[in-house]
Amino acid sequence: MLTVTNKAASLLKGAKTAEGAPQDAGIRLRLDSGFKDPGEVFVDIRLAISDGPKSGDEEFEQDGLRIFVEDRLVEPLEDHTLDVQEDNDGMRLVFR
C-alpha cells in the first residue's frame, strides 16, 4: 500500500484549504498518459482534490486526509511513499 508521510499530508491539506475544498474532500491520485510529440509517450501521476473516490479506487486516510488511488496505480505504487522534498525552489511532492 502507498504510504503518505505526515509532511506530505500536511502540504496536501494546506492545498485543500487554499482551494476552499469541503472538509471531507480528499486527494485523488490518477494516471495520466498521452503523447507530447509524435512517438513520444508521457506518463504522469496527477493529484487532484476530489469529493470522493471513483469506482474501483482504493481509499485510505493519513493524518486526517482522505486519499483515493486510481485502481491502475494501486499495484505500481505499492511499497512507495509520497513525501515532500525541499530545495532552493521550495517544496514539491515526490515518490520514494
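No value in this document is a laboratory result; all are computed from the given coordinates. Owing to the predicted nature of the structure, the values given are computational and were not obtained by experimental measurement. Here the Cβ is made from the backbone with ideal geometry for all residues, glycine too, and neighbour counts use every protein chain on show.
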**Request:** As a check on your grasp of the helix formula, calculate [θ] at 222 nm for the chain: sum -39500 (n - 2.57) over DSSP H runs of n ≥ 4, divide by the residue count, round to the nearest 500.
**Result:** -5500 deg cm²/dmol
**Prompt:** Per the Kirkwood treatment, what hydrodynamic radius in Å, one decimal, follows for the chain from the mean inverse distance over all distinct Cα pairs?
**Reply:** 14.2 Å
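Taking the mean number of other Cβ atoms within 10 Å as a proxy for protection, how do you rank 4-14, 45-55 from highest to lowest?
Peptide ranking by packing, descending: 4-14, 45-55.
If you add up the charges near GLY20, with Lys and Arg at +1 and Asp and Glu at -1, over every other residue whose beta carbon is less than 14 angstrom from its beta carbon, what do you get? Kindly include the intermediate steps, with their values, before the conclusion.
Numbers: positive: LYS13, LYS16; negative: GLU19, ASP24, ASP51.
Residues near GLY20 contribute -1 overall.
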**Asked** Which net charge results when you count Lys and Arg as +1 and Asp and Glu as -1 among the other residues whose beta-carbon is under 15 Å from that of ILE67?
**Response** -3
**Complete:** Summing +1 per Lys or Arg and -1 per Asp or Glu among the other residues with Cβ less than 15 Å from THR5's Cβ gives -1
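Which of the peptides 22-29, 84-91 is most tightly packed, and how do the rest follow, going by the mean number of other Cβ atoms within 10 Å of each residue?
22-29, 84-91
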